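The values are calculated or read from the model by the stated rules, or taken from the named source; none is laboratory data. Because the structure is predicted, anything quoted here is derived from the model rather than measured. Cβ coordinates were reconstructed from backbone atoms using ideal geometry, including for glycine residues, and neighbour counts include every protein chain displayed. Surface areas here come from the heavy atoms of the whole protein model, side chains and all, with no ligands, DNA or RNA. Shrake-Rupley method; radii C 1.70, N 1.55, O 1.52, S 1.80 Å.
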Amino acid sequence: MLSGVAAFTFSVLTAAPALADESPEVLREVSVPAGTEIVEGALVSSGTGPAQAGLSKAAPTGECLGPIAAYGVQGCFQHYGDITWVGDTKSDGMSAAVGVFTRYGRASFVCLDTQGVNTWATCKKNYWEDGDVRLQALRYDRNTGKFYEPENWSGWIPVDGQY
């Protein structure tokens with residue numbers, strides 16, 4: 001593990017933990033920037049890593065930075081391989097989504113886990129190694145093509161994993 005970098009875990013979050021546990025009372029739409037690419041993540045099959053945080057399918061292995069959670073969503077960024085992980089934690093009819101934004105002007109994208117509750121999906125993009133990414137956890141309704149609260153943001157994460 002890198003010095004000063006937390007290993008992948010959702011039990012120790014700096015954000016309000018209620019975001020991951022409390023059901024929203026009202027659906028509030030969240031806007032994503034115009035031109036944001038929406039990518040359906042690749043399902044991660046079981047057996048490629050340990051189950052994590054109640055998800056029955058394989059979870060991120062190794063070091064995954066910027067762990068983030070909101071109601072029905074968990075995610076993180078794996079710096080080697082530039083992989084965004086997104087997990088669906090609630091059977092609520094919506095997909096889990098993790099948006100990825102950079103400081104250096106690369107277009108944003110959202111990685112979706114559309115496989116249902118208790119699954120993980122991954123999206124791979126190639127980022128500038130001297131850059132930083134920031135994650136946004138939110139929910140996605142495939143029927144309407146809209147994103148919803150609650151949402152949560154990570155801090156800036158160095159693409160090379162060096163804090």
Given (1) at pLDDT 95 or above; (2) within 21 Å of N126 (Cβ to Cβ), G66 misses just (1)
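With the structure loaded, tell me whether S45 is open to solvent by 10 Å² or more (accessible area, probe 1.4 Å) and either modelled with pLDDT of 95 or more or more than 19 Å from L138 (Cβ to Cβ) (or both) or whether it fails that test.
yes
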Those residues of the stretch 141-158 that are touching a Pro at 6+ places or on another chain (Cβ under 9 Å) and in a loop (DSSP other than H, G, I, E, B) come to a total of 1
Conditions (1) at pLDDT 70 or above; (2) of a type in the set (S, T, Y); (3) over 15 Å from A96 (Cβ atoms) -> S11 fails only (1)
Within the stretch 85-106, residues surrounded by 21 or more Cβ atoms within 10 Å (Cβ to Cβ), closer than 13 Å to G72 by Cα and not small (G, A, S) come out as V86, D88, T89, M94, V98
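Table: residues versus (1) under 19 Å from G145 (Cβ atoms); (2) within 9 Å of the chain's Cα centre (by Cα); (3) of a type outside the set (K, R).
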residue: G81; (1), (2), (3): no, no, yes
residue: T84; (1), (2), (3): no, yes, yes
residue: D92; (1), (2), (3): yes, no, yes
residue: V117; (1), (2), (3): no, no, yes
Taking first residues from the stretch 121-147 that are over 18 Å from A107 (Cβ atoms) and second residues anywhere that are acidic (D, E) and open to solvent by 90 Å² or more (accessible area, probe 1.4 Å), the pairs with Cβ under 7 Å that are 6 or more apart or on different chains are K146/E29
Inside the stretch 107-140, the number of residues satisfying the requirement of being part of a strand (DSSP E or B) and either on the phi > 0 side of the Ramachandran plot or exposed (fewer than 15 other Cβ atoms within 10 Å of the Cβ) (or both) is 1
